[in-house]
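The values are calculated or read from the model by the stated rules, or taken from the named source; none is laboratory data. In this text, all values refer to a predicted model and were calculated from it rather than measured experimentally. Here Cβ is always computed from backbone atoms with ideal geometry, including for glycine, and neighbour counts include all displayed protein chains. Please note that ligands, DNA and RNA were not included when accessible areas were found on the heavy atoms of the full protein model with its side chains. Shrake-Rupley method; radii C 1.70, N 1.55, O 1.52, S 1.80 Å.
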Amino acid sequence: MLTEIYIYFAKKITPARARHILNTKKISKKVALTLLRKAGVKLPPSSFIVSPFHFGGGNISIGENTYINYDFICIDYSQISIGSNVLIGPRVTLCTVTHPTEPAERLSIQRNIHAPITIGDNVFIGANVTILPGVTIGENSVIAANSVVTTDVPANCLYGGTPAKFKKSL
């Protein structure tokens, strides 16, 4: 009860505090939505995220009627945009940052490579998928379980594998 009161009266909640409350306390969907919004995550009431949900800075926007299963990880140094009517399986990772491949450049944190991730409407992402920086997934596409998406996926396509490759048009 005290947690819910704290969430309602706080003007802003740090993403770290929001993660802690969301992943360790039993709270209602309404309170979870309020908590995530105050941490910067844009999430409409018609969408749902199953805990645990791990994110960095709250740099995430999610469309209507989207369902995200448990252990969703968003490394959100850049914007993550998820469309409407999206289904995301368990243990999916969206990573907007990476390191240079040159060893000397890797040592400097200023050399990190940041790029947004965009997921279109009506996309289905299977379990244990990893999506790397700068990737856009077109509407109505499907990403097969256990895939690593390194390049853009056009609309209406099935991609799978490591790295994910075109399998067929939908």
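Bin by bin, in steps of 10 Å, what percent of the Cα pairs in the chain do you find, going until the bin that has the longest distance? Calculated P(r), rounded to whole percents: 11, 38, 31, 16, 4, 0. Identify the residues of region 44-63 with backbone N under 14 Å of a label point that sits 7 angstrom from the Cα of Asn112 along the Cα-to-Cβ direction, or state none. The answer is 55-59, whose backbone nitrogens lie closer than 14 Å to the label point. With the simple spin-label model, which puts each label point 7 Å out from Cα in the Cβ direction, the Glu105 to Phe166 separation comes to 2.9 nm.
Shown in residue order for region 25-33 are the 3J(HN,Hα) couplings computed by the Karplus curve 6.51 cos²θ - 1.76 cosθ + 1.60 at θ = phi - 60°: 10, 8, 10, 6, 4, 4, 5, 4, 4 Hz (x for Gly and Pro).
Of the accessible area of the chain, computed with a 1.4 Å probe over protein heavy atoms only, carbon and sulfur atoms account for 58 percent. With loop defined by DSSP as not H, G, I, E or B, and exposure as at most 12 other Cβ atoms within 10 Å, which is the longest segment of the chain clear of exposed trypsin sites (Lys or Arg not before Pro)? In short, 27-170. With the whole protein complex present, Ser169 retains an accessible surface near 80 Å², based on a 1.4 Å probe.
Available extension along the chain between Lys12 and Lys29 is 4.3 nm, counting 0.36 nm per residue and deducting the alpha carbon span. Under 5 Å between amide hydrogens, built in the peptide plane, is the criterion, and for Ile119 it picks out Ser81, Ile82, Gly83, Ile137 among residues at least 5 positions away or on other chains.
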